[in-house]
Structure formats: structure tokens, C-alpha cells
Amino acid sequence: MIEFKDVTKTFKSFDAVKGITCQIMDKEIFGLLGPNGAGKTTLIMTMATVYRPTKGEVIVEGHSATGEPDKVKSLIGISFQDPKYDRILTAREILDWHAKVTGLDKAVREKRIDEVLAKFGLTSEARKRTWTLSGGTKKKIENAKVFVQRPKIAVFDEPTAYLDVPSRLMVWDMIDELRDEGSTVLLATNMMDEADRMSDRVGIMSRGEMVQVGEPEGLKGTLKGRDVIELKLERVIPELPGEVSKVEEVKEAVFEGDVLKIVLSNGRGLLPYLINVVTAKGGKVNSVNLKEPTLEDVFLYYTGMELS
Amino acid sequence: MSSKPSSLFVLRVLIERDLRTLVKSPWILINRTLFFLIQLFVFAVLVSKLASSLGFNYFDFYSVGAVVSTITSIAFIIGEDLFEEEELGLLDYLLSLPFGHSLFVLGRALGGAVRGLIYVTPMMILVAYLDGYFSPAGIIGSLLVIFVLATGISGLSITLAMLIRNANRFDIMIALAELATVRVSAAIYPLAYMPQVLQPVASYSPVTSASDLVRAIFLPGYSAGIYETVILILFVAIFFGLGSAFLFRTIEGGKFD
């Protein structure tokens, strides 16, 4: 388990992370969401003992990140957002060095490197200097470091950035496999579909604070009453918003052009009834659009920001 | 799952990484070797002829100093590597690996020294041969002396890399530091012929100490001992400490996302 206890990290006078308290359970995939500058990387690097918390404490598998940094580091493997390795070296050399320094013996690391390179389809490129490779291939090699290491705590920062769709799916499967083998996964991402699909729970960071933690479905539930039905009508009927607003679940109803926009709870259940109300008032519905809260809506609601 | 590796293992792997990156850049080796050979067989031969009227064998004196200067120059490269790693964010990766910051600095300083030693060992053997010195034990001793010097110079170079944030300023400072450590020393000219104001500084220089120790091994009529050894060891200890301290300051000092 990873425990953040009132963790603050201040650089000069800037609080990059402010009083974060949360727990990440064993074998959990925890999605860490937040716009650029929210403090995700600082939080990860504090957990990885690269930064010392200015206040508070991080406990990883019972070891204090401040008191026993080497023990904590030996449990963690990080795949960084931008590939971080010597580009003068080949993929095989990079993976071999990483596996060696993280404590894998020769036979194990050679077997794992072969397996991971084969899975990524990189066997034939493994002996080329990595500076000659494409952005997607470089990213695969960055991810491969953690898949070869198979650490107790695996951290992926934007693991599918620059990757094509088949590669994204493969990385997701490999992360699932890693968790099934017993790793706890911290997944920092700006891709909401990725967080929604992969995470058991997500934590949303904004301006250095953890503003919300929970299961994706549960968090979407917190936005209950924020379904939106858009009815495109043949003509504007001025009394319709007032009529529709008489329904208890409707929070708001307004015309935007010839579209009647209704904010409500249980939009799916009430849609037929609302169409009847509109039709009874002489309205003719040309098209219907029902929008239920997504993780992206949750993110935007709690951060009050746009995704970058 | 992986396990925590031992300190000795980590040092070996850090040195191995510096060697791997070195082997991939043979132009550095070619460049420094050519420079050494030209200095030895053109500059030193020429000045030796001029100085022969003073009854001073400048070629022998210079040949040792040239090896010491070359390893000094090569040891400075590790700071350039670290500066680049910091700029590229590679340092974050390296510091997230299972070893402490101090062990990392020690490993990189030793990596820089081992790289330097690999470069200059053939040069040292050539110089021993030219100076008429053939004892393997003495040659190994001289290599040990320049290895200690190179470890300290690597520490100095790492300290500068962690101290200076601006790339242009860093390039200038490294060039100046390299110039000062070699030129304000008895590596390539005798202390007695230096400007008086520089003589006290040069006498405390670790490059002077290393040059004098190797000359005392190779050449008759030269002596050196405890004083020079203490200066070398102090130099290594000071810059290992400063390198570690400034690495910590750089990491904690203000990069955030």
C-alpha cells in the first residue's frame, strides 16, 4: 500500500503539492488525473524519493520514503512521460542496464527483455541506437523498462502518448497483466478514456491539491443531476422551458437557438415523458441528444479547468 | 519482483553506464589522443631543444605532465554529461533508481575517473617507455595516482554542473576551470618558472601533486610523497562532498509540474 499523509512539497515559495492525504491499495490501478502543472509529477517524484516532502510523509509498503529511501526505490519502477534514457545506446542496452541496476540477474533479464521486445515488435530494432527511432518506438522502450523490471509499484506517466491504437491496446493489456501478477499501478494520464478503462480508482489533482478520489463510476455519480437532453425543434415555442421546468428532476431548461437544452437528473428515464410534454405543446422534435456525465465532465467539474 | 542491489554493485553498474556511453563516442578518444601526440612529439620536442641549453630535460618533464593534463581534461567531461542529463530530465530517472544521491555522485565521479584511466593508460605506458622507465609496479602506481586525481576532477566537474544552471555560463566555467587547473599547476612547466603570484596557488594544486608524484616514480632527481598524497585525497573528499550537496540542492531547487 502507498500512503500519502498530508504531503506538501514546496519549491522556493511555490507549493507544487499541498497537503495531500490519500491511500493507494495493493494491486490497484490508481489513475492520477490533472492538468499540466497540477502537481502529478511532483507527487510521483516525492513518492519515488527523488524529492523530499517539505511537510508530511509518504509510506510505501510500510517504508518511509524519507527514512528508508533506498528500500522504497527498490520497490518502484517509473515509465516517464518523455523517454528518459541515453539515446546513444540501443534499446537492448537501455533495457539491460535498467534491469541490471534494479537488481535482476542476467538470465532473468535476458529472458524478460526478449519477451517484452517481441511483444512490442521491436526485436529487429533492438540493436539500433534509439535516437534513430520514431517517437512511438521511443515511448515503447520507455514503457518496456517497467515491463522488464516488473516492480512492486509500477508508475506510468502518459504510457500511451505517441502510440497508435494497436500499441495503446497492447500497453493497456500489459499493464493489466502487471497488476494481475501483483503490482500496484499508478497511472498518470490526461486521457480520460484511458483512466476510465484502466483505473480501479482515480484521484483528481488541481493546483497541487487532490480534489477528489474515487471509483470512476462513483465520481460520475457525484455529477447526478447533470445529464443534458438537447431537443432540436422545428420552431421555438417560448412557453416550453417553463412547462418542462415543472418536472421535479429538471434543474434548468433554456432555448439555445432552436435547441431546447434541459439539464436534469435521470435523463435516460425521463426522455420519453419530456418528448410527450413538448409534443403536447405543439412542438415537433427533429433530433434528440442525451449526454450523461463522463469522466471528462467529472475532471472538468472538479478542476474547473480545460484539459491541455 | 526485483531486489535492492548492493552499493558495490551499484557503483560497478554506474561506471559501466559511463563506459558504454563513452565507447559510443570514439571521436572524443581520437581527438584527445591526437592532441596528446601532437603536443608530445611537436611541442615538447621543440621546447626541449630550446631548454636544453639550461641543462633541463623538458621532454621528460612535459611528457608526464601531458598525461596528467589529458586525464584532467577527460575527467571534466563527466560534468558536461551530468549537465546535459539534468537538462534532458535524465537525472530524474537516474535518481529514481535504487541508490542514494551520494552513491550516485561517487559512482559518476569514479565513472569519470575510469573513463579517463582507460584513455590515458596507453599514453602513460608510452611515456614510461620514452622516459626509459620499465617497472610494472611503478607504472601501476602512477596510474593509481592519476586515477585519484581524475576522481577529484570529476567531483569538481559534477559540482560545477550542479551549481550552474545556464548552459552558456556552464560551458565558460568548465573551460575556465580546465584551463586554471592545468595552467596554474606544475603539469607542463616547472613551478620555479611560473609568475610569482601564481606559485603559491600552483603548489597547492592537485594537478601539481599528481604530476610531481608520477615524476617522482618515473624520473630520477624528482621527489614527492605524503604532502602531495594528502592534497590529492583532500581534493577528492572536498569535491565529492560538494558534488553531493549541490546535487541535492539542484534536485530540490525548483523544477516542478
- prompt: Over the Cα atoms of chain A, what is the Rg over Rh ratio if Rh follows Kirkwood?
  reply: 1.11
- request: Please tell me which of these pairs span more than 23 angstrom C-alpha to C-alpha: A:261/A:281; A:9/A:224; A:40/A:220; A:5/A:27?
  value: A:9/A:224
query: Which whole-number percent is the relative contact order of the stretch B:7-252 (Cα, under 8 Å, 6+ apart)?
result: 25 percent
- line: Going from the fewest other Cβ atoms within 10 Å to the most, one would list B:18, A:196, A:180, A:114 as A:180, A:114, A:196, B:18
field: Sites matching GluC sites (Glu not before Pro) across the stretch A:163-254 that sit in DSSP coil, with at most 14 neighbouring C-beta atoms within 10 Å
entry: A:181, A:234, A:239, A:248
- request: Determine the equivalent ellipsoid of the stretch B:110-257 by diagonalising the alpha-carbon gyration tensor, then write out the semi-axes as square roots of 5 times the eigenvalues, largest first, rounded to whole Å.
  value: 31, 18, 13
- request: Please give, to one decimal in nm, the separation of the simple spin-label points placed at residue B:245 and residue B:16, each 7 Å out from Cα toward the Cβ.
  value: 3.4 nm
statement: In this structure, the FRET efficiency calculated for residue A:256 and residue A:165 from their beta-carbon separation, with R0 = 45 Å, to the nearest 0.05, is 0.85
query: So what is the relative contact order for the stretch A:102-242, in percent, with contacts set as C-alpha pairs under 8 Å and at least six apart?
result: 15 percent
- prompt: Over the Cα atoms of the stretch A:227-284, what Rg and Dmax result, in angstrom?
  reply: 9.9, 26
task: Find the Cα radius of gyration of the protein assembly as shown, compare it with 2.2 N^0.38 Å by division, and give the number to two decimals.
output: 1.31
- prompt: Counting every Cα pair in the stretch B:2-79, what percent are over 14 Å apart?
  reply: 72 percent
- prompt: Any idea how far apart residue B:175 and residue B:43 come out in nm if each label point goes 7 Å out from Cα toward Cβ?
  reply: 1.6 nm
- line: With the 8 Å Cα cutoff and a minimum separation of six or more residues, the stretch A:162-308 has a relative contact order in percent of 25 percent
task: Springs between alpha-carbon atoms under 10 Å, Gaussian network over chain A: tell me which of A:254, A:185, A:298 tops the mean-square fluctuations.
output: A:254
task: Could you let me know the centre-to-centre spacing of the stretch B:93-130 and the stretch A:20-68, using Cα atoms, in angstrom?
output: 34 Å
- request: Give a quick list of chymotrypsin sites (Phe, Trp or Tyr not before Pro) in the stretch A:225-308 that DSSP marks as loop, anything other than H, G, I, E or B, with at most 13 other Cβ atoms within 10 Å.
  value: none
5 angstrom amide H check on residue A:17, placed H, neighbours 5+ away: A:9
- request: Report the semi-axes of the equivalent ellipsoid for chain B in whole Å, largest first, where each axis is √(5λ) for an eigenvalue λ of the Cα gyration tensor.
  value: 34, 19, 17
query: In what order do A:98, A:63 fall by count of nearby beta-carbon atoms within 10 Å, going from fewest to most?
result: A:63, A:98
query: Where a Cα-Cα gap under 12 Å defines reach, which aspartates and glutamates qualify for residue A:100, not counting those fewer than 8 residues away within the same chain?
result: A:110, B:16
message: Given points 7 Å out from each Cα along the Cα-Cβ axis, report the residue A:107 to residue A:68 separation in nanometres with one decimal.
response: 2.9 nm
query: For B:194, A:191, what ranking results if the residue with the fewest other Cβ atoms within 10 Å of its Cβ goes first?
result: B:194, A:191
query: Percent antiparallel among DSSP beta bridges with both residues in the protein assembly as shown, to the nearest 5?
result: 70 percent
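Throughout, read-outs are computed from the coordinates displayed, never taken from laboratory work. The shown structure was predicted, so the numbers you read here are calculated from the model rather than taken from an experiment. Here Cβ is always computed from backbone atoms with ideal geometry, including for glycine, and neighbour counts include all displayed protein chains.
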